[in-house]
1. I'm told residue 329 meets every condition in (1) touching a residue at least 60 places away in the same chain (Cβ under 8 Å); (2) touching a strand residue (DSSP E or B) at 6+ places or on another chain (Cβ under 6 Å); (3) open to solvent by 50 Å² or more (accessible area, probe 1.4 Å) except one. Can you identify the failing condition by its number?
2. Mind checking whether some residue in the stretch 293-312 is within 15 Å of residue 113 (Cα to Cα) and part of a helix (DSSP H, G or I)?
3. Go through (1) among the hydrophobic types (A, V, I, L, M, F, W, C); (2) more than 25 Å from residue 306 (Cβ to Cβ); (3) more than 9 Å from the ligand (Cβ to nearest atom) and name the single condition residue 27 misses.
4. Being within 11 Å of the ligand (Cβ to nearest atom), open to solvent by 30 Å² or more (accessible area, probe 1.4 Å), closer than 30 Å to residue 94 by Cα and not assigned by TED's automatic domain parsing to the domain that holds residue 126 narrows it down to one residue among 287, 270, 280; which is it?
5. Going through the stretch 19-36 one residue at a time, which ones are open to solvent by 50 Å² or more (accessible area, probe 1.4 Å) and on the phi < 0 side of the Ramachandran plot?
6. Which number in (1) within 12 Å of the ligand (Cβ to nearest atom); (2) of a type in the set (A, V, I, L, M); (3) open to solvent by 70 Å² or more (accessible area, probe 1.4 Å) marks the one condition that residue 1 misses?
7. Filter the stretch 224-263 down to residues that are open to solvent by less than 50 Å² (accessible area, probe 1.4 Å) and in a loop (DSSP other than H, G, I, E, B) and give me whichever is farthest from the ligand (Cβ to nearest atom).
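The values are calculated or read from the model by the stated rules, or taken from the named source; none is laboratory data. Bear in mind that the values here come from a model prediction, so they are computed numbers and not experimental data. Reconstructed Cβ throughout: ideal geometry from the backbone, glycine too, with neighbour counts over all protein chains shown. These accessible areas exclude ligands, DNA and RNA; they are computed on the full protein's heavy atoms, side chains included. Shrake-Rupley method; radii C 1.70, N 1.55, O 1.52, S 1.80 Å.
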Amino acid sequence: MYKIAVLPGDGIGAEVTAQAVRVLKAVGRRFKREFEFTEGLVGGAAYDTTGTPLPKETLELCHASDAILFGAAGGPKWDSLPAQLRPEAGGILSLRKELGLFANLRPVMVFAALENASTLKPGVVAGVDLLIVRELTGGLYFGKKYREDLPDGSIKVVDTLEYTTSEIERIVRVAFDLAGKRKGKVTSVDKANVLESSRLWREVATAVGRDYPDVSLEHMYVDNCAMQLIKNPGQFDVLVTENMFGDILSDQASVLSGSLGMLASASLGGRTALYEPAHGSAPDIAGKKQANPIASILSGALLLRFSFNLVEEAGCIERAITDVLNQGYRTADLLEQGKNAVNTVEMTDLIVKQILV
Ligand code: NAD
């Protein structure tokens, strides 16, 4: 029995998570695996019901589960709340911190059927299969920050960027371990020509690399990496980088796959890992059945692979998605001439059917 906490959250988060659960149930049926799903409140939905975006019961549910499937948190309705009550900071960021999820994995795969869907030329994106490993609980986003009024009437702001050797080492090891099971190449991304934190990052990455003789290591400055990601993304296997660089590069990399609705993510580090689509609650399309459920469904596949080591089952989901895309079915975000338009539920129906054939 595998216990999965399901936190649908807000907007399309709730819509796509329901579809991912349907797909996991289909996989359970096909492979005779028993998944137990328990829903919890998070984000704006939790705030409306309980007055907090991360209720105690939800946190307890997460701690008592083997894995977490998360939707999305946030929306205009809650934008004017104070920071700690907002669905994003008070919900998903707090949850990551509480669960010690320091490693964010974002695989960027380009399905052959979607080579034309990117704004980049098909020849550039064809065959791309890379993995961004982003440090998730340190760096600028969590450093001390403050404002100070100066005597001349201007304002001074300070954001601090701190990392320790052990924080760097643990995330770099995640990247090397994963690269060892893939194409055997790690690209460590930094700004060591300017930042002290990056110089330490580079030293630690080099030292860790000595423990992995079968994995090659290259260092790349973040500005060059941003350019290489769109010029020649096929050169990458696993990229590892600090929190803010990873935030920016992973959104940039989403363009390769054609739509944010295709990108899954896993956050690992603590006892219980969390899986979520890379996108947010998409208030512009919420409630219209237009959302692409594939990012959430692929997050379900990551959950099976990383938390339960159900590799065959995860592969079955990915193959079903490939087949349905090859058959020409597309949600609105990926629709092009000559393809069959389907909504959120219809896309999932097709994927479930494919799993059960
Ligand atoms: P978004 O990812 O929600 O949407 C960006 C654009 O992509 C929109 O046009 C949307 O329609 C489209 N899109 C996103 N997912 C899609 C899908 N599955 N299918 C089809 N189209 C899709 O980002 P945003 O608009 O900047 O943010 C909306 C809200 O979500 C905000 O409140 C933000 O704070 C929150 N957010 C939450 C998370 C999270 O919970 N982890 C992440 C990002 C944003």
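1. Condition not satisfied by residue 329: (1).
2. Scanning the stretch 293-312, I find at least one residue that is within 15 Å of residue 113 (Cα to Cα) and part of a helix (DSSP H, G or I), so the answer is yes.
3. The failed condition is (2).
4. Checking each option against the conditions leaves just 280.
5. Listed by number, the residues that qualify are 22, 25, 29, 30, 33, 34, 36.
6. All conditions pass for residue 1, except number (1).
7. Ranking the candidates gives 237 first.
Let's see how each residue does on (1) farther than 26 Å from residue 309 by Cβ; (2) loosely packed, with under 13 Cβ neighbours inside 10 Å:
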{"position": "143", "(1), (2)": "yes, no"}
{"position": "184", "(1), (2)": "no, no"}
{"position": "206", "(1), (2)": "yes, no"}
{"position": "211", "(1), (2)": "no, yes"}
